[in-house]
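Asks: Handing you this structure, nothing more for now.
The values are calculated or read from the model by the stated rules, or taken from the named source; none is laboratory data. It should be emphasised that the depicted structure is a prediction, and the values quoted were computed from it without experimental measurement. FYI the Cβ positions are ideal-geometry reconstructions off the backbone, even for glycines, and counts take in every protein chain you see. Calculation scope for accessible area: heavy atoms of the full protein, side chains included, ligands and nucleic acids excluded. Shrake-Rupley method; radii C 1.70, N 1.55, O 1.52, S 1.80 Å.
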Amino acid sequence: MFRRFRLGPDDSPALHTNVHFALSRYFEWAQDAIAATLAIVVLVIMVKGVARLFVVAIVTPGTVSDVLAQIALLLILVELFRTLLYYLREHRVAVGLMIEVAIVSMLRELLIKPAVDVPFNTLAFSVLLLALGALMVADRITVSRAPGGEQTHQNGRESGGPLGADPQREPPQPS
């Protein structure tokens, strides 16, 4: 698969044979930097959201729906932050966490502007929430049936990367 280029009497492979591995490492570092930056941005937005919640709830008392909408927004941001942290730790997106974010987002939309005006909106929201709930149950069932009783992280995803591979493992040496 890999071709050896002879450099001299020591028979060592040429340096450019590990280019793909080196590039993938740098791209993974870049992805981690982007995800960490997004996590910091979400954290800053959450702090602003808590300040806004304080203003809406205490300083200038708003309506109950305004306070509940702000709380739901903070819950969405917390779930997004958890998803980013999970991505930084495991280098993949947790489907269960994304489903939870989608459900909380839909419930927030229903709190802000109820869908009772048009009957099809209510039906559409109901079907979508039912589908997301079914996906969440399916995710929980598949997680509970993880093979071999492996150690699992939050939301039941196996440690060690996709298909049990170790993401920090060195690539096979060319022959």
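Asks: Within the range 83-92, is there a residue that is in contact with a Ser or Thr (Cβ under 8 Å, 6 or more places away or on another chain) and farther than 19 Å from L135 by Cα?
Replies: Scanning the range 83-92, I find at least one residue that is in contact with a Ser or Thr (Cβ under 8 Å, 6 or more places away or on another chain) and farther than 19 Å from L135 by Cα, so the answer is yes.
Asks: Sticking with this one: Out of the range 69-104, which residues are in a loop (DSSP other than H, G, I, E, B) and either open to solvent by 40 Å² or more (accessible area, probe 1.4 Å) or more than 21 Å from E28 (Cβ to Cβ) (or both)?
Replies: If the condition is that a residue be in a loop (DSSP other than H, G, I, E, B) and either open to solvent by 40 Å² or more (accessible area, probe 1.4 Å) or more than 21 Å from E28 (Cβ to Cβ) (or both), then H91, R92, V93 are the ones that fit.
Asks: If we keep just the residues of the range 47-71 that are within 15 Å of E109 (Cα to Cα) and in contact with a helix residue (DSSP H, G or I) (Cβ under 9 Å, 6 or more places away or on another chain), which is modelled with the lowest pLDDT?
Replies: Top of the filtered list is S65.
Asks: Right, something else. Could you check how many residues of the range 105-115 are open to solvent by 40 Å² or more (accessible area, probe 1.4 Å) and more than 21 Å from L43 (Cα to Cα)?
Replies: 7
Asks: Take the residues of the range 116-136 that are over 30 Å from I34 (Cα atoms), of a type in the set (A, V, I, L, M) and assigned to a helix (DSSP H, G or I): which is most open to solvent (accessible area, probe 1.4 Å)?
Replies: Across the range 116-136, the extreme among qualifying residues is L130.
Asks: Mind checking which pairs have a first residue in the range 96-117 that is polar (S, T, N, Q) and a second that is at pLDDT 80 or above, Cβ under 8 Å, 6 or more apart or different chains?
Replies: S105/I76
Asks: Any residue at all in the range 42-59 that's under 16 Å from the mean Cα position of the chain (by Cα), at negative phi and either assigned to a helix (DSSP H, G or I) or surrounded by 18 or more Cβ atoms within 10 Å (Cβ to Cβ) (or both)?
Replies: Yes: one or more hits.
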